[in-house]
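First the structure, which I've put down as structure tokens, then a few questions once you've had a look.
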Amino acid sequence: MYLSLDERLEYLKHKRPPSATADDINRTVSFTGYRTGKLPFGNDYECEMAKKLKSNLMSIFDQLFQKNYNCFFTGGAIGSDLIAADAIAEVLKSYGKRASRSISFICLPCHNHVKSWSQKEKNYLEKLLNEGTYAFYVSDRSYYKGCMQVRNKYMVDNSAVVVAVYDGKPGGTKNTLDYAEKMRKKIMTIDPAASLKTELFITKRDVSHRFNFLNDAKAEYNIVEYSG
């Protein structure tokens, strides 16, 4: 069902963030990265540098999928979060039925998160949500001081691997990676102006195929019938 962005975001106000078990966390990847102001290409998502970044992210997410990681969180901000969500969507689509038990979530920090977004970014998010990417609000109210950090902490706490577009600049991405390191998560970073910087570091342990919250997550967050 195709819904406008406003309709879909209104619907999501009635959904709660997924609750993950330890087994779920072992198969989950979260992504954090720069907004447009820190990206060398700004919000020109169609330029060659942006396309290269997306291609590099697709390569990483493809390798993670092949290692049995099947749940992906992105932060829902303008810039590299949108590119990462798009990259995940393309990777999962390329695997067809093999990815039918995989899911990609955009983690929105607060109810009025997109209020100040440009129409270009709103259209990008609307496209992702209407083409199979899921979303939820981490906090059940409008913007408040600290909601971005709450969102970032949720993603790190509920994942085993953190992928980041990061080149050393201070800010929210660095703070998220510092927390991920403290929590002993596996971390991979990509320079937004270059290519893959860090060596792929993934556990060799076989990942269990038991499903808990992932089993019904798509049905829970899918919109079958909407009444505004």
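From the list Arg16, Arg8, exactly one residue is more than 19 Å from Pro192 (Cβ to Cβ), assigned to a loop (DSSP other than H, G, I, E, B), over 16 Å from the mean Cα position of the chain (by Cα) and of a type in the set (Lys, Arg). Which is it?
Working: Arg8 fails: assigned to a loop (DSSP other than H, G, I, E, B).
Only one candidate qualifies: Arg16.
Another one. In this structure, does Tyr69 turn out to be surrounded by 16 or more Cβ atoms within 10 Å (Cβ to Cβ), in a loop (DSSP other than H, G, I, E, B) and not acidic (Asp, Glu)? Give the derivation first.
Numbers: surrounded by 16 or more Cβ atoms within 10 Å (Cβ to Cβ): yes; in a loop (DSSP other than H, G, I, E, B): yes; not acidic (Asp, Glu): yes.
Spelling it out, Tyr69 is indeed surrounded by 16 or more Cβ atoms within 10 Å (Cβ to Cβ), in a loop (DSSP other than H, G, I, E, B) and not acidic (Asp, Glu).
Would you mind finding the one in Ala50, Ala89, Ala84, Ala77 that is part of a loop (DSSP other than H, G, I, E, B) and within 19 Å of Ile190 (Cβ to Cβ)? Full working, then the answer.
Details: Ala50 fails: part of a loop (DSSP other than H, G, I, E, B); Ala89 fails: part of a loop (DSSP other than H, G, I, E, B); Ala84 fails: part of a loop (DSSP other than H, G, I, E, B).
Answer to the selection: Ala77.
Related question: Out of all the residues in region 57-69, is one or more modelled with pLDDT under 95 and under 26 Å from Asn112 (Cα atoms)?
no
So, in region 161-187, exactly how many residues are outside any helix (DSSP H, G or I), surrounded by fewer than 22 Cβ atoms within 10 Å (Cβ to Cβ) and not β-branched (Val, Ile, Thr)? Quick ask: steps written out before the conclusion?
Of region 161-187, the ones outside any helix (DSSP H, G or I) are 161-171, 183-187.
Still in the running and surrounded by fewer than 22 Cβ atoms within 10 Å (Cβ to Cβ): 167-171, 183-187.
Right, trim to not β-branched (Val, Ile, Thr) and you get 167-171, 183-186.
The total comes to 9.
Starting from region 32-51, take each residue that is without any contact (Cβ under 8 Å) to a residue 40 or more places away in the chain and list its partners that are of a type outside the set (A, V, I, L, M, F, W, C) and in a helix (DSSP H, G or I), counting only C-beta distances under 7 angstrom and pairs at least six apart or across chains.
Between residues of region 32-51 that are without any contact (Cβ under 8 Å) to a residue 40 or more places away in the chain and residues that are of a type outside the set (A, V, I, L, M, F, W, C) and in a helix (DSSP H, G or I), the close pairs are Gly42/Thr36.
Residue-wise test of (1) surrounded by fewer than 23 Cβ atoms within 10 Å (Cβ to Cβ); (2) aromatic (Phe, Trp, Tyr); (3) closer than 24 Å to Gly42 by Cα; (4) under 16 Å from the mean Cα position of the chain (by Cα).
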| site | (1), (2), (3), (4) |
| --- | --- |
| Phe73 | no, yes, yes, yes |
| Ala87 | no, no, yes, yes |
| Leu92 | yes, no, no, yes |
| Ser100 | yes, no, no, no |
| Phe105 | no, yes, yes, yes |
| Cys110 | yes, no, yes, yes |
| Lys120 | yes, no, yes, no |
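The values are calculated or read from the model by the stated rules, or taken from the named source; none is laboratory data. Owing to the predicted nature of the structure, the values given are computational and were not obtained by experimental measurement. Positions of Cβ are backbone-derived with ideal geometry, glycine not excepted, and every protein chain shown enters the neighbour counts.
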